[in-house]
Amino acid sequence: MIRHIYDNAWVLDTPNTTYAFHVLPTGQLEHLYYGRHIRIPEGEGALDALTEKHAYAPGNTCVYDNDHWGYSLEDMRLEMSGAGKGDLRDLFVEIKYADGSSTNDFVYEKYSTDEGQPSSDTLPVSYDESGKCEHLCITMREKVKKTRLELHYYLYPDCDCLCRMTKLYNDSDSDIVVGKIMSNQLDLDMPGYVFTGFTGAWAREMQRTSVPLLRGKHVFSSRSGGSSHRANPFTMLHPADTTEDHGDVYAFNLIYSGNHMESAEVSPFGKTRFLSGINPEGFEYRLASGESFDAPEAVMTYSSEGFNGMSRHMHRFVREHIVRGEWKKKERPVLLNSWEAAYFDFNESKLVKLAKAGREVGIELLVMDDGWFGERNDDHSSLGDWDVNKKKLPGGLKSLADKITSLGMCFGIWVEPEMISFNSKLYEAHPDWAVSIPGRDHSEGRTQRILDLCNPEVCEYITDKMSEIFSSADISYVKWDMNRTFTDVYAPSLPADRQGEVFHRYICGLYSIMKKLTEKFPHILFEGCASGGNRFDLGILSFFPQIWASDDTDPVCRAAIQTGYSYGYPMSCVSAHVSASPNHQTLRETSLETRFNVAAFGVFGYECNLCDLKKEDLAAIKAQTELYKKWRKVLQFGEFYRGRNAGNLPVNGVSADPSSAGNLTEWTAASEDGSSAVGFLMQQLAVPNTQFHTYFARGLNGDDLYHFYNRSLKIDVREFGDLVNMVSPVHLKQDGLLVDIVAKFVKMDTENEDLKASGDTLMYSGVHLKQAFGGTGFNEEVRHFPDFASRIYFMEKE
């Protein structure tokens, strides 16, 4: 509820949070409170307890004007901040005017409330299916220059989330140059928070990175042209003692896919300022008279129930107010992707054979990845030449799609529409369509360049060409890739004084393409990808309901990566596949069961050559797909909880996350009503003579009785090496022919967990699992739990 409790004071309440601010005597907006829900009455003086008291400004600071000597803006909590009036912290907005001045003195003019949803002509925004959203608009006007800011606040009580959006208007007769405009500012009156972001690189995305804030400023940001592997726009502020289930936490995200910046700064006076928005580095936007600019929408939430409580807010926000369209709540198919099965070396017959193998094990969708167009036999050519390679697919896309669908499966393809190969017909015809600086050698990436999406002609070409492809066959799924960061940034379509707009205009052009295509092809399941998670953000999720989380499919790495994503994104958005062992990115060997167990907690599929697998592996995969389909709704759309967290894999021997000292990763996905759940427990390295483990559930109903059980597994005798001779009547030489023959017929039974317990027992006492192998003996009561082993457990209400 949005309440105007007295003249120039507002309180924004959700069921579990309260946000409050008012207008200072000088006209700025003073932020008063954001945190757990508190009762604030109506009427004058209702906010006195929340308001700072100032008699004299701190030493060596500047006061706003001669009429207000009691405080300096440098020592105030503000809703937004501008340059030139004494606030020396990182600023919300920076504008240069025609006379060369850059003071920005925005003061309160008026407010309005309604039930209007967020809107923008150029950017994706949040929404509510009801068509209504509680909305507060505060208009701030520059005291001298004819510019104004609208600060928009949107409430989503169902998920305890508050969204902010900033719109800047140039009402003057001259151009203005915007050097910085943020989406969110939160000023808190205490230092000592921990600023947590999610950093990484290709193949190791979303590594939780926590920085204690004592003094000074810390920044998480991207300048790659996308939201990037390097620093995701999702961040958190929290006390050092916050845990998964206890303690305060603020969380923030942007509905944006371009360069971004999140900063947290502690002032000399102990106040903490958080800012998020478009990265001002490389950004300069010229607004002509009468023009306006929309900053990306920001979302924030607060929870007093630790990181899991916060994640439930964010997950619901993304599921209900970001993802849209036919696939919003529709269960996603189990797919088989051709990439690691064949890379570029495929043809129609190979793909049909792969599809038939997939059908036999329960695969529902075959995806043909890169290599089907132009002369695309490697990554050195043909991007932009979106015509079928008839040598590989003589009957075109339709012939292949018809053969796949005749098997009772769906068909999908890979595209990378934003790119152009130097060696392509498109580049020969339109070299001016590529982002590059005339007369300068271009720094190359993956032997491809980026199309200039600032150019409407280029956007129209992509839209038309993709429409032609998607209409040419029965295509149910599209993987939309983007495998390059920006270099030598220059848009040939823009004049010299507009080159600071390239990054932002590119993203707006991309959004226009995505919007047209998803509206034209509402039945297609689109999946975002950018070298894995290089563009995993709420902007992409506003059009595509799921994103490929990482090109790294090693389950040990993926456990850390998927844990990282889970803080801000629901598992229905996170794509995860089972791939070969040894893994193609790390060469690590892991069991098929662990690969499945990790990937199952996401939008699930396989990325391996089923045609080359052994019969026993194919039988295992068939059992896995059957199991996944049974529990698909819980795994994709259930409430996701983190338990113990083994944390990030160290980089150069050092982990950025101080909480990553453990050896176990523990997850639970529970149905919304708590009647069923799937649990996961994985260890990184086996610890000698450590037999005891406990699994703690989450999300159950405490008073209900549950059946708790696991899968019955068979263990290959070769897993035990020479130890098998302790029980074998004949000597079996390790890696010998005889042991291979025995392994075909003799399997070792591992433990069965099968019990009944109340929900509160499963959550608070936990299940004391049957002992792990500790070197002293093995039978069917012992858990085979070596390095990188895992288990999934099932809980059903009786």
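The values are calculated or read from the model by the stated rules, or taken from the named source; none is laboratory data. Please read these numbers as outputs of a predicted model, since none were measured by experiment. Ideal geometry is used to build each Cβ from the backbone, glycine not excepted, and the neighbour counts take in all protein chains shown. Only protein heavy atoms, including side chains, enter the accessible area calculation; ligands, DNA and RNA are left aside. Shrake-Rupley method; radii C 1.70, N 1.55, O 1.52, S 1.80 Å.
Karplus-based coupling profile of the stretch 731-740, in residue order and whole Hz: 6, 10, 6, 4, 6, x, 5, 5, 5, 5, with θ = phi - 60° in 6.51 cos²θ - 1.76 cosθ + 1.60 and x standing for Gly or Pro. Over the C-alpha trace of the stretch 398-438, radius of gyration and Dmax come out as 16.8, 51 angstrom.
Modelled this way, with points 7 Å down the Cα-to-C-beta line, the labels at Lys390 and Thr122 are 4.4 nm from one another.
With a threshold of 23 Å on the Cα-Cα distance, the over-threshold entries among Lys353/Lys398; Lys353/Lys714; Lys328/Lys520; Lys110/Lys271; Lys350/Lys515; Lys630/Lys756 are Lys353/Lys714; Lys110/Lys271; Lys350/Lys515.
Computed from Cα atoms, the angle from the helix 348-360 axis to the main principal axis of the chain rounds to 80 degrees.
For Leu525, the residues whose amide H sits under 5 Å from its own are Tyr477, Val478, ignoring neighbours fewer than 5 places away on the same chain, with H placed 1.01 Å from N.
Where q = 0.08 Å⁻¹, what log10 of I(q)/I(0) comes from the Debye formula for the chain, counting one point per Cα? The computed values of log10 I(q)/I(0) come out as -0.72. Size estimate for the stretch 531-640 follows the Kirkwood approach: the inverse of mean 1/r over distinct Cα pairs works out to 14.4 Å. Averaged per residue, the chain has 38 square angstrom of accessible surface, using a 1.4 angstrom probe with ligands and nucleic acids left out.
If you take the square roots of the eigenvalues of the alpha-carbon gyration tensor of the stretch 180-333 and sort them as a ≥ b ≥ c, do you get rounded (a/c under 1.5), prolate (a/b over b/c) or oblate? Oblate, because a/c is 1.5 or more while a/b does not exceed b/c.
If one puts a single equal scatterer on every Cα of the stretch 334-436 and applies the Debye formula without solvent, what log₁₀ I(q)/I(0) results at q = 0.13, 0.19, 0.24 Å⁻¹? Cα-only, vacuum Debye calculation for the stretch 334-436: -0.48, -0.88, -1.23.
Across the protein chains, with a 1.4 Å probe defining accessible surface, the residues Tyr490, Tyr477 rank Tyr490, Tyr477 from largest area downward.
In order along the stretch 785-798, the Karplus-derived 3J(HN,Hα) couplings, from 6.51 cos²θ - 1.76 cosθ + 1.60 at θ = phi - 60°, round to 9, x, 3, 6, 7, 8, 9, 10, 10, 10, 10, 10, 5, 6 Hz, and Gly and Pro are given as x. Calculated on the alpha-carbon coordinates, the convex hull of the stretch 275-372 measures out at 261 cubic angstrom per residue. In terms of packing, defined here as the mean over residues of other Cβ atoms within 10 angstrom, the peptides 557-569, 7-19 line up highest first as 557-569, 7-19. Stretching the chain fully between Asp716 and Glu428 yields a gain of 98.0 nm (0.36 nm per residue, less the alpha carbon separation). Distance between the modelled labels on Lys146 and Ala201, one decimal in nanometres: 5.3 nm (7 Å Cα→Cβ projection). The calculated pair-distance distribution of the stretch 644-798 uses every alpha carbon pair, bins of 10 angstrom beginning at 0, and gives 10, 32, 29, 20, 8, 1 percent.
Can you compute 3J(HN,Hα) from phi for each residue in the stretch 400-416, using the Karplus curve 6.51 cos²θ - 1.76 cosθ + 1.60 with θ = phi - 60°, rounded to whole Hz and x for Gly and Pro? So the Karplus estimates, Gly and Pro as x, are 5, 4, 5, 5, 5, 5, 5, 7, x, 10, 9, 10, x, 9, 9, 9, 9 Hz.
Highest mean first, the peptides 292-303, 435-446, 520-531 sorted by other C-beta atoms within 10 Å per residue fall in the order 292-303, 520-531, 435-446.
The alpha carbons of the stretch 425-581 stretch over 46, 34, 29 Å along the principal axes, in descending order. Per-residue extension of 0.36 nm, minus the Cα-Cα distance of Lys733 and Asn377, leaves a gain of 123.7 nm for this segment. Based on the alpha-carbon gyration tensor of the stretch 1-159 and its eigenvalue square roots a ≥ b ≥ c, which shape applies: rounded if a/c is under 1.5, prolate if not and a/b is larger than b/c, or oblate? Cα axes put the stretch 1-159 in the oblate bin.
Distance between the modelled labels on Arg39 and Lys756, one decimal in nanometres: 4.4 nm (7 Å Cα→Cβ projection). Extents of the stretch 26-107, taken as max minus min of Cα coordinates on every principal axis and listed largest first, are 47, 25, 21 Å.
One decimal place: the segment Glu457-Glu326 gains 44.2 nm when fully extended, by the rule 0.36 nm per residue minus the C-alpha distance.
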